Amino acid sequence: MISVQEALRLVLEDLPGTGMEQRPVPSAGGRVLTAPIRSTRTVPPFRNTAMDGYAVRAADCESATADRPVRLRVLEVVGAGAVPQATVTAGTTTQVMTGTPLPEGADSVVRVEDVTAAPSGEVLIAQPVRSGANVRHPGEDVRAGDVVLTAGQTLRPADIGLLASLGVAVVPVAKRPEVAILATGSELVELGQPLGPGQIANSNAYTLAAAVAEAGGTPRILGIVADTPEATREAFADALASDVVLSTGGVSVGAFDFVRAALTDLGVAERFWKVAQRPGKPLSFGRRGRTPVFGLPGNPASSLVCFYLYVRPALRVMLGDRTPHLPAVQAVLDTAVESAAGLTEFLSCTLSSEPDGPHVRPAGSRSSGVLRSMSIGDALLVAAPTVTRLAAGAAVRVIRLSAETATTPPF
């Protein structure tokens, strides 16, 4: 067996990229940029108002008080999308809306709620205003020529809005890797079908498909593979046409575990088999050419844990993501936990925020065949192979199963 650190190193070593495609900005959210984006615009392009209110000369309001307000004559009202026509001079003001160009002569904006209307088209201002108050200046956000987004960056909602504000309609992003998913086992029954004696539902394929999509790949579910050498070889021959191959089950030493032999027959070079961890020890990984092939355990919790630890970062690296790993945090353990000597243990848990920092407690059953605990949990507690018991109150390392990412491995 190899360590979890060595397994991850071998998985991430020399992974192929996925290539580039152009995507319309409205549908590019969550995709990874393959090239930097440089602004061709200055944003904002002109001096404009940051508030609904009245554009004034700050000098006109210096003496304003509640007892002796300054009286200004309103020249015009400028709505959104319109351009001021009049120049603000001593004793005058223009009513403006947020985002409208600042009129010539004005240097500040008084908020509408700080102004009192007076008869004969005038307003009263009862306090001084600082020069430049509530005014946005050209280039305050972005200047033409600025690099605003970099290669390897995953596009978030704010990035999509930024691209739209710059007039960028299409961006270069990494292609989504197609991931073939095979569930092995003659005992499996397809989704929606009744269970007979000794049969179980095929949940792994759909768990992994959802995890692949969340990680940025395109799942290709190839169905259930019967426990025969011929069916196993035929299914993997088809799967190897995809960018990545995931299978569940059939990688242990049982009489009907045919996956490793079939992969060898098909030219897949095995890099490792068995990792010193729980759950997920009977994990295999290999490649045919540069195509990664993962033989995940058949137990549902084991399969998903292995996905998070190895497959997810591999997919993110293939996409060119600069931060491909799940983040790890230190937390206080609320309940004592026993762990296996010699194995790195990953325990589904729930994180909570307390006044003294993050706290963690186990989530449900620890059985590798039970998926409920993974559904309840939002993190994985990491117990080192040198530890057999973690006491309540101990500081522990926890991998967060979240949208946040990190540049370094979590273990």
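Being aliphatic (A, V, I, L, M) and in contact with a Gly (Cβ under 7 Å, 6 or more places away or on another chain) is a property that Ala80 has. In the condition set (1) in a loop (DSSP other than H, G, I, E, B); (2) modelled with pLDDT of 95 or more; (3) open to solvent by less than 50 Å² (accessible area, probe 1.4 Å), Gly167 is compliant with all but (2). When segment 67-97 is filtered for residues that are more than 12 Å from Ala55 (Cβ to Cβ), open to solvent by 50 Å² or more (accessible area, probe 1.4 Å) and in contact with a strand residue (DSSP E or B) (Cβ under 8 Å, 6 or more places away or on another chain), the ones remaining, listed by number, are Pro69, Arg71, Arg73, Val83, Gln85. Taking the criterion of being crowded, with 17+ Cβ neighbours inside 10 Å and within 15 Å of Leu333 (Cβ to Cβ), the residues of segment 376-407 that qualify are Gly377, Ala379, Leu380, Leu381, Val382, Ala383, Val387, Leu390, Val396, Val398, Ile399. Filtering segment 58-92 to residues that are part of a strand (DSSP E or B) and more than 16 Å from Arg47 (Cβ to Cβ) leaves Val70, Arg71, Leu72, Arg73, Val74, Leu75, Glu76, Val77, Thr92. Contact map, segment 377-389: first residue among the polar types (S, T, N, Q), second residue open to solvent by 40 Å² or more (accessible area, probe 1.4 Å), Cβ cut-off under 7 Å, separation 6 or more or different chains; pairs are Thr388/Glu338; Thr388/Ala341. In segment 98-130, the qualifying residues are those that are closer than 19 Å to Phe46 by Cβ and part of a strand (DSSP E or B), and the one that is most open to solvent (accessible area, probe 1.4 Å) is Pro101. Within segment 240-255, if we keep just the residues that are at pLDDT below 95 and surrounded by fewer than 17 Cβ atoms within 10 Å (Cβ to Cβ), the residue that is farthest from Val173 (Cα to Cα) turns out to be Ala255. For segment 131-148, taking the residues that are open to solvent by less than 50 Å² (accessible area, probe 1.4 Å) and not in a loop (DSSP other than H, G, I, E, B), the one that is farthest from Thr42 (Cα to Cα) is identified as Val135. Can we say Val32 is in contact with a helix residue (DSSP H, G or I) (Cβ under 9 Å, 6 or more places away or on another chain) and at pLDDT 95 or above? Yes, satisfied. When restricted to residues that are in a loop (DSSP other than H, G, I, E, B), at pLDDT 90 or above and among the hydroxyl-bearing types (Ser, Thr, Tyr), segment 181-234 contains 2. Residue-level check: of (1) farther than 18 Å from Ser303 by Cα; (2) modelled with pLDDT under 95; (3) open to solvent by 10 Å² or more (accessible area, probe 1.4 Å), Ala237 misses just (2). When Ala336 is tested against (1) surrounded by 16 or more Cβ atoms within 10 Å (Cβ to Cβ); (2) out of contact with any helix residue (DSSP H, G or I) (no Cβ under 9 Å at 6 or more places or on another chain); (3) over 22 Å from Gly216 (Cα atoms); (4) of a type in the set (A, V, I, L, M, F, W, C), only condition (1) is not met. If the condition is being part of a loop (DSSP other than H, G, I, E, B) and open to solvent by 20 Å² or more (accessible area, probe 1.4 Å), then segment 27-43 contributes Gly29, Gly30, Thr34, Ala35, Pro36, Thr40, Arg41, Thr42. Do we have any residue at all in segment 359-375 that's open to solvent by less than 10 Å² (accessible area, probe 1.4 Å) and in contact (Cβ under 8 Å) with a residue 40 or more places away in the chain? Within segment 359-375, one or more residues are open to solvent by less than 10 Å² (accessible area, probe 1.4 Å) and in contact (Cβ under 8 Å) with a residue 40 or more places away in the chain. Please determine whether any residue of segment 309-326 is of a type in the set (Val, Ile, Thr) and open to solvent by 10 Å² or more (accessible area, probe 1.4 Å). Yes; the residues of segment 309-326 include at least one that is of a type in the set (Val, Ile, Thr) and open to solvent by 10 Å² or more (accessible area, probe 1.4 Å).
The values are calculated or read from the model by the stated rules, or taken from the named source; none is laboratory data. The structure displayed is predicted, hence computed values, not measured ones. No Cβ is skipped: glycine too gets one built from the backbone with ideal geometry, and neighbour counts run over all protein chains shown. Areas reflect the complete protein model, heavy atoms only, side chains present, ligands, DNA and RNA absent. Shrake-Rupley method; radii C 1.70, N 1.55, O 1.52, S 1.80 Å.
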